[in-house]
Structure formats: C-alpha cells, structure tokens
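Everything below concerns the one structure shown next.
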Amino acid sequence: MQINISGHHVDLTPALKNYINEKLDKLNRHLDKITSINVILNIDNMDHHAEATVRFVGGEIFADSAASDMYVAIDGLADKLDRQILKYKEKQVARNHGAAR
C-alpha cells in the first residue's frame, strides 16, 4: 500500500506524516486489497481540511473531513474511511452470499 501525502498551505512535518501513516495503516485490517491512498491536507481561513481517496482492487472510496485542528481532521477522515470500507465489505458479502434478514 502506497500513501501519497500532499499539502496546500500546510507544512508537512515528519510528525504529521507519521500520524497519517499510523491512522491509515489501520484500514488494511478491513480491506487488504488497497493499492494506494492519496491524502490532501489544506488550510482554508481557520478550518483545517483533510481529504483522501483510497484505491483498491474493484473500486475507490473518497472521504473528507474539516475541523479546527489538523489532527482532529485526520482522525475524522480515518473514521469516515473506516466506516465506508466496512459498508463496502458488507455490500460485497450481501451480493455474494445473499442478504440475511
């Protein structure tokens, strides 16, 4: 899995890069077919924005998050991606094995 991090009006410190890598490495526990993740960090006025596109075999998922602190925005982004991946996996199971209701 390759993680590309870019920043617009943001200094990408090693601590910030390590924090992003830690948070997004956890996505592998739900979906092991991830090929790449593109993360873009941005500061607009006083809001910190984080957005990411996760590409995997069979599709891609996009999520974004905004907060007053960059680390909080990254946490929100990781949570959204995690939920979307779980939702994707549930749909795949339902399609392949039939939905149990």
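Just so it is clear, none of the values below were taken in a lab; they were calculated from the coordinates. Given the structure is predicted, the values throughout are model-derived calculations rather than measurements. Backbone-built Cβ (ideal geometry, glycine too); neighbour counts: all protein chains shown.
Inter-label distance, Asp11 to Ile43: 0.9 nm, where each label sits 7 Å from its Cα along the C-beta direction. Expressed as an acute angle from 0 to 90° and rounded to the nearest 10, what is the orientation of the C-alpha long axis of helix 70-97 relative to the principal long axis of the chain? It works out to around 10 degrees.
Between Gln2 and Thr53, full extension at 0.36 nm per residue minus the direct alpha carbon distance yields a gain of 17.2 nm.
Residue separation times 0.36 nm, minus the C-alpha to C-alpha distance between Arg29 and Val93: what's the value?
Values: separation 64, 0.36 × 64 = 23.04 nm, distance 1.64 nm.
Gain in length upon complete extension: 21.4 nm.
Candidate cross-link partners of Lys33 among the lysines, defined by an alpha-carbon separation under 19 Å and a same-chain spacing of 8 or more, comprise Lys23, Lys80, Lys87, Lys89, Lys91. How large is log10 I(q)/I(0) at q = 0.10, 0.12 Å⁻¹ when the Debye formula is applied to the Cα atoms of the range 2-97, each weighted equally and without solvent? Calculated log10 I(q)/I(0) at the listed q: -0.27, -0.37. Summed over qualifying helices (DSSP H, 4 residues or more, each -39500 (n - 2.57)) and divided by its residue number, the chain shows a 222 nm mean residue ellipticity of -13500 deg cm²/dmol.
Sorting Ile5, Ile74 on the 10 Å Cβ count, fewest up front, what's the list?
Result, fewest neighbours first: Ile5, Ile74.
Computed from Cα atoms, the angle from the helix 14-25 axis to the main principal axis of the chain rounds to 10 degrees.
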